[in-house]
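Here's the structure, in structure tokens; my notes come after.
The values are calculated or read from the model by the stated rules, or taken from the named source; none is laboratory data. From a predicted model like this one, the values you see are computed outputs, not experimental measurements. Counting neighbours? That spans all protein chains shown, and the Cβs are built from the backbone with ideal geometry, glycine included.
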Amino acid sequence: MTIVHKAGNIHKNDDGLSRWALANTADNSDYVPLEAESQIAIEGINITDIGTEFFEEVRESYKQDNNCHILTSLSDKDFKDTFLVNTLDKVWKNSYSEGRFHFFDGII
């Protein structure tokens with residue numbers, strides 16, 4: 001690839017970002033050999049071995065707390081029910097509007 005300078009105000013910025021990246025091959029002076037076996041850390045994956053009875057107890061306990069019950073009702077709907085959102089306590093309502101709750105299989 002050949003870089004050709006073009007005169008004019010539009011073409012004054014001839015920085016390296018406008019060029020093609022060089023291939024990571026042995027003839028490149030910045031060559032970094034890739035290791036055959038490399039490990040990549042993956043965060044955010046949790047695996048639990050908790051029985052379904054535990055999760056059922058958690059779901060049942062949501063029915064005793066008004067805010068939790070409203071949140072689970074909102075997660076079951078395909079649309080945003082503003083009436084239900086407005087019945088949440090102020091702190092819960094703010095957290096809900098900021099998207100701070102995550103649902104997985106009916107668990108908050």
Quiz item: Exactly one of (1) modelled with pLDDT under 85; (2) out of contact with any helix residue (DSSP H, G or I) (no Cβ under 6 Å at 6 or more places or on another chain) is unmet by Glu98. Its number?
Solution: (1)
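Look through Asn13, Asn28 and report the one residue that is at pLDDT 70 or above, out of contact with any strand residue (DSSP E or B) (no Cβ under 8 Å at 6 or more places or on another chain) and of a type outside the set (Phe, Trp, Tyr). Working first, answer last.
Working: Asn13 fails: at pLDDT 70 or above.
That would be Asn28, the only listed residue that is at pLDDT 70 or above, out of contact with any strand residue (DSSP E or B) (no Cβ under 8 Å at 6 or more places or on another chain) and of a type outside the set (Phe, Trp, Tyr).
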Quiz prompt | Counted residues, the range 43-62 - those being at pLDDT 70 or above, of a type in the set (A, V, I, L, M) and out of contact with any strand residue (DSSP E or B) (no Cβ under 8 Å at 6 or more places or on another chain) | solution = 1
Quiz item: Assuming Asn86 fulfils every condition listed in (1) out of contact with any helix residue (DSSP H, G or I) (no Cβ under 8 Å at 6 or more places or on another chain); (2) exposed (fewer than 10 other Cβ atoms within 10 Å of the Cβ); (3) modelled with pLDDT of 70 or more apart from one, which condition is it?
Solution: (1)
